[in-house]
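I have placed the structure first, in the form of structure tokens, so that the comments after it can refer back to it.
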Amino acid sequence: MTMMQAARIHEYGDTSVIRYEAVPRPRPSFGEVLIHVAGTSFNPTEADLRAGLLQAFFAVDLPYVPGWDVAGTVAEIGAGAEGFAVGDRVIGRLDSGGVTAEYVRAPAAVLVAAPTSIPLATAGALPVAGLTAWQAVFEHGKVAAGQQVLVNGAGGGVGGFVVQLAKHAGAEVIATASPRSTAAVLWQGADQVIDYTAKPVGVALDGPMDTLLNLVPLSPPDVTALAPLVRPGGRIISIATPIEPAAESGVSAMHMVARNDVGHLASTSASHVHWPTSRASTTSANPDGPEARSSSSLEPGRRSRVPRQPVTGHVRVYLAEHFDEHADTGPPGPSGPHTQPSGPPIRRLRAIAQHPVCRGLYADHADYREEWRP
């Protein structure tokens, strides 16, 4: 029996329940392929799953290998699986989990070709956050050229994609973010960033918006304050707290949960946006910087740091919902300090590394910003 390394939970609880251990390497069943995992993202809902808070409607069999996002290389083709060959680079959303391991089996029908404009491991940030953003912007938000779009909570992983996609659609994008994320959100393409910690969002707007895309949990006062910011006939789409406008406002509202849609994922993977050179300028070669990717590629961003101990031989774990701004001096790497060129802050995915078993499946992401490398 061939073995592999995986991070698993044997019981519900906090991060201490995660174990790093050897498990049998899976074999693909009918219609499946085996993927050699290059990267995965951590989505905050997975913390609730691990804690046992979702058992009423999302029960899992223990022991359980977390991880819904996958980016990797096809290692084996199961009977009846079509569309891929060994060696193909793929991404997908695996609702059954299993990705925090060296290998995972996946239905071929939920996979699409990975983007070629960013590193394969980085593409592990695309499926869940990217699908959510795509469906919010295009399917439900109907964002189009000339519209004014307010993105509430643009500082997260979904927010980064939403800003880029809405801008690519030709909309004027006004975003809310904390001061820590302002430069990053501007780099993603926002026309204006409102510091929600300094003043009410409504005070900073010149007029009502065509569309409000809410990406963060809200208090009742927040809901009351945001609902009137959309013009009659406009739309409110929320992936977090539902926002109910006044019945007489003429505003339509929707609380959405992203579904696994391979067509939307393929569109997200192939999405391109244009970044003016001035927004992403830099003066020297930097493999992590914007000049290293296609000037028109959808960019999740990333930040790297070699952790104290690896997770698995070939798995990098990214935190898709939280970013950091970083321009000059990065954290120490395997050969000492890593220096980046001067320039505008570059948005980085905050990856998790706190423990050899990925204790960061909701570790304190304010303190850990690391990439897990072979």
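Brief remarks follow.
- Karplus 3J(HN,Hα) series, Hz, for segment 37-42 with 6.51 cos²θ - 1.76 cosθ + 1.60 (x for Gly, Pro): 6, 9, x, 8, 10, 9
- In this rough spin-label picture, where each label sits 7 Å from Cα along the Cβ direction, the Ala204-Lys142 distance is 2.8 nm.
- Radius of gyration, Dmax [segment 130-255; alpha carbons; angstrom]: 12.8, 38
- Amide H contacts of Glu102 (H built 1.01 Å from N, under 5 Å, at least 5 apart or other chain): Gln5
- Neighbour cut-off at most 14 other Cβ (10 Å), DSSP loop, chymotrypsin sites (Phe, Trp or Tyr not before Pro), segment 30-67: Phe30, Phe57, Phe58
- Stretched out straight at 0.36 nm per residue, the stretch from Ala270 to Glu21 would grow longer than its current Cα-Cα span by 86.1 nm.
- Cut-off under 5 Å, modelled amide H: who pairs with Gln147 long-range: Glu172
- The relative contact order of segment 130-255, computed from alpha carbon pairs under 8 Å that lie at least 6 residues apart in sequence, is 22 percent.
Every number here is computed from the coordinates shown, using simple stated rules; none is lab data. The model shown is predicted, which means the values in this text are computed figures rather than measured ones. FYI the Cβ positions are ideal-geometry reconstructions off the backbone, even for glycines, and counts take in every protein chain you see.
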